[in-house]
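Read the structure below first, then the notes.
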Amino acid sequence: MSLTDITLLIVAGLAAGVVNAFAGGGSLLTFPALIATGLPPVSANVTNSLSVTPGYWSSVYGSRAELTGQRRRALSLAPIGLVGGIAGCILLLVTPAGVFEYIVPFLVLSATAVLGFQTKLRDLVGHPAQLPRARKNATLVILTFLGSAYGGYFGAALGVVLVAVLALVLDETLQRVNALKNVLSAVVGLVTVVVYAIFGPVSWLGVAVTAPATVAGGYLGARLARRLSANALRWTIVIFGTVIGLVLLYRAIWA
């Protein structure tokens, strides 16, 4: 690996960590960078999954203040995220990748639309504060499982999906929802690390270069996210999600 390759991976890792802390989709930066260093696509994919996961954990640390008062909720949702992540990995192993490539862009764009039109959707389904506790808890469990399963199968834009579904159910500020998203992303990332480390053709040199950069970027992104207003954070995520969804749609149809 040349000095140019190393520099490229460090820059991509930093940017991906920041993007993942804000919204998700940082993999769309690190994956092409790993391809550019000469790795085959499959190896680049699994190396990328291992590389970005430490950045999720640094995002959790960076947003720890927003987790105050909802750590019990985070601990109760973590096992659901774990099971959902495992289900997504199994789905990846038993279904043709080409089929899901066409579905993923629409999932990302749909999740982005849910977040963008959150207020209007709440008018239709009811504000979280007005929902019966049993219905609210059941909906939260189901959506967390589905979002985590998506992440286990295809990690790009996981943050966009999780923020969208959590914000629809939880009566919390978007900064606190984003912090909870960081926890679930870290759990799902841990699942993919274990699976790919055992079964995937990992480039450990690529991980060694990229992972520390995503850690630094994840912490920085989490600190920046807490400084944004709820409206600014929402539209930052919506913009990221829309761009990512369109890029994935282009790749699925024309690439």
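What are the residues in segment 13-45 that are in a helix (DSSP H, G or I), more than 12 Å from residue 214 (Cα to Cα) and open to solvent by less than 10 Å² (accessible area, probe 1.4 Å), if any? Scanning segment 13-45 gives 33, 34, 44.
With respect to (1) open to solvent by 40 Å² or more (accessible area, probe 1.4 Å); (2) modelled with pLDDT of 90 or more; (3) within 26 Å of residue 110 (Cβ to Cβ), the lone exception for residue 172 is condition (2).
Just to be sure, is residue 29 within 26 Å of residue 237 (Cα to Cα) and at pLDDT below 85?
Values: within 26 Å of residue 237 (Cα to Cα): yes; at pLDDT below 85: yes.
Considered against the rule, which asks whether it is within 26 Å of residue 237 (Cα to Cα) and at pLDDT below 85, residue 29 comes out as yes.
The lone criterion from (1) within 16 Å of the chain's Cα centre (by Cα); (2) free of Cβ contacts under 8 Å to residues at least 24 places away in the same chain left unmet by residue 15 is number (2). The residues of segment 49-97 that are of a type in the set (Ser, Thr, Tyr), in a helix (DSSP H, G or I) and open to solvent by less than 30 Å² (accessible area, probe 1.4 Å), listed by number, are 49, 51, 53, 56, 58, 59.
Looking at segment 201-236 only, could you name the residues that are open to solvent by 70 Å² or more (accessible area, probe 1.4 Å), in contact with a helix residue (DSSP H, G or I) (Cβ under 6 Å, 6 or more places away or on another chain) and among the basic types (Lys, Arg)? 223, 226 - these are the residues of segment 201-236 that are open to solvent by 70 Å² or more (accessible area, probe 1.4 Å), in contact with a helix residue (DSSP H, G or I) (Cβ under 6 Å, 6 or more places away or on another chain) and among the basic types (Lys, Arg).
The values are calculated or read from the model by the stated rules, or taken from the named source; none is laboratory data. Everything numeric in this text was worked out from a predicted model, so none of it was measured. Here the Cβ is made from the backbone with ideal geometry for all residues, glycine too, and neighbour counts use every protein chain on show. Only protein heavy atoms, including side chains, enter the accessible area calculation; ligands, DNA and RNA are left aside. Shrake-Rupley method; radii C 1.70, N 1.55, O 1.52, S 1.80 Å.
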